[in-house]
Amino acid sequence: MELKEVKVVIEALLLASDVPLSEKKISSILDNNLDKKIVLNCLIDIQNEWEEKGLELVSTSLGWRFQTKRELSTFIQKLQPEKSIRYSRAMMETLAIIAYRQPVTRADIESIRGVNVSSQIIRNLEEKNWIECVGQKEVLGKPLLYATTKSFLADLGLRSLNELPPIPSEKIETGSSNEDEILI
């Protein structure tokens, strides 16, 4: 198969797939099991070819996928208006602590937040496949250790935790707002 044909097949696979595809997966689908370097070069070529279109090819922690460009989101939302998903402040704080301090125990989270962490919050984050138990801490009681998943990174459009925004070094004062929910 010529390189031009390989690119066409890869592009079709990505557009037809409902999940991101890794270079290894793409290589295994192709008849001749192309080297992952060749597949990566084709992916980069495809990415460049789509630069000025409404879709973009992005690499996430789960693999490569096409997605609409962020600057077009207001138009896409008009096509399929959805209610904003609401997450409690407690859930978002818990997720942030896990993301930035992982692996952490529930006691670690409670120590940082200064309040108890509801089992429901942990369960909800696990059900969304944003966190998972990655082991037990070797201390008395062997508490569970939690960390974020590749799905969490992919849902945020990230390839690794290094792409999370930095935490400000100075302490941020919370305003007088009693807003209990965060819209996403």
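Laboratory data are not the source of any read-out in this text; all were calculated from the coordinates shown. Note that the structure is a prediction, hence the values are computed from the model and not measured. Here Cβ is always computed from backbone atoms with ideal geometry, including for glycine, and neighbour counts include all displayed protein chains.
Structure summary
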quantity: Shape of the stretch 1-49, Cα gyration tensor, a/c cut at 1.5; calculated: rounded
quantity: Along each principal axis, Cα extent of the chain, largest first, Å; calculated: 60, 44, 31
quantity: Cut-off under 5 Å, modelled amide H: who pairs with Leu145 long-range; calculated: Val134, Gly135, Gln136, Lys137
quantity: Mean ellipticity per residue at 222 nm, deg cm²/dmol - from DSSP H runs of n ≥ 4 across the chain, formula -39500 (n - 2.57); calculated: -12500 deg cm²/dmol
quantity: Dipole of the stretch 8-105, positive end: most advanced residue of Ser17, Trp64, Thr74 [Cβ charges, Cα centre]; calculated: Thr74
quantity: Folded to 0 to 90 degrees: helix 89-101 orientation relative to the chain principal axis, Cα; calculated: 70 degrees
quantity: Relative packing of 43-55, 87-99, which averages over residues the other C-beta atoms within 10 Å, highest first; calculated: 87-99, 43-55
